[in-house]
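The values are calculated or read from the model by the stated rules, or taken from the named source; none is laboratory data. Model, not experiment: these values are computed from the prediction. Counting neighbours? That spans all protein chains shown, and the Cβs are built from the backbone with ideal geometry, glycine included. For accessibility, only protein heavy atoms count, side chains too; no ligands or nucleic acids. Shrake-Rupley method; radii C 1.70, N 1.55, O 1.52, S 1.80 Å.
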Amino acid sequence: MENWFERLRVTEALQVASLFVAFLIVAVFSQRRIWIATEMIMATLCGLALTVFPRQILAKQTEGTLNDTEDALTRLLGVTLISSGIAWYRTKDSRDGTVPITLMISRVFTSSAFLMAQLFAYFIQNKSGNNKATKSSLAWSDQMIVMSIFPTFLWLLGNLFHLFRSHDFSTYPQHNIRLNNHLRVDGWFMFLIGVAYMAFPIQIVGTISNSSNKVSLHVARCIGALYIGEGIVSLQAPGFLHERDKKALFLTRIVSELSQACVLTALYFFQDFVKLSGAAYMGIVAFPLLINALIGYFGGGTTIYYVSSPRKNDSKGE
């Protein structure tokens, strides 16, 4: 493979330089609250762009003909990314220092998985040529470095930088209350689903559409990366101090699952390419997540599950 840097045009070099300067301003030379606000805004804007203009964004980074499968998965990635910003917004004024720390740690895991998937797609999948499993001649172009790989690398560095600057690493007791148990269920569900997306993208994409290629498999891995990050937050959230911070995660999950259901339903009825198994997937996987989140958000958060203990012996006659 040729040296990609030699093929960069002046405009692409300016894009890289502009991103790096913006990174220095909002990450290195600013306080953590500025970085968190920027993270929240950029996640929302990127998710909105992926949802509204999936074909245009992918076309700039690929060589070949795209189809509806990539559009559908990219829209699912977009609404999931938008939904992840809800927790950041609802907890931005939290006085619990563990909340922003946990959110940034989850972003480190997410961006690391993103970066691994992008490097694998660009450097390994592109070298492999046409894959019989994907039956497509699509390939990633050099624009992927400018539009995806480099911004993701800066995203990872920004969160790592502010984690290293933080001094409020702590946690609180994870009591055996209803709210915490629903968070644990949500966390394990999200983590395991994310691992499935990352490890078995061909099978996951196959539940939605009959066609798959390098691009659709990569987008599926990115969805898995987001799910893993969300799962890590939910698994750590029982250690949050305030109930409202914990319920912000359930609100995130409710919006995310309903948004994904709306996207798949619209594609099923209006574009007529989503398989019925895609709806079955939503019923088997998304429905339990949604019900768990609804119960956690609207249910009594402080109900304690008591463990029965042996009764004391009667002391009569003593």
Which loop-located chymotrypsin sites (Phe, Trp or Tyr not before Pro) does region 17-121 contain, where loop means any DSSP state but H, G, I, E or B and the Cβ has at most 15 other Cβ atoms within 10 Å?
F29
Solvent exposure of region 85-125 as accessible area per residue, Å², 1.4 Å probe:
40
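Roughly speaking, what is the stretch gain from F29 to I41, that is 0.36 nm per residue apart minus the C-alpha to C-alpha distance, in nm to one decimal? Before the final figure, lay out the partial values.
Values: separation 12, 0.36 × 12 = 4.32 nm, distance 1.82 nm.
Here the answer is 2.5 nm.
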So, taking all protein chains as they sit and a 1.4 Å probe, how much accessible area belongs to H242, in Å² rounded to tens?
50
Name the long-range amide H neighbours of T62: under 5 Å, sequence gap of 5 or more, or other chain; modelled H, no Pro or chain starts.
S141
Surface accessible to a 1.4 Å probe, R55 within the full protein complex, Å²:
80
Distance (nanometres) between label positions extended 7 Å along Cα→Cβ at L294 and I124
4.0
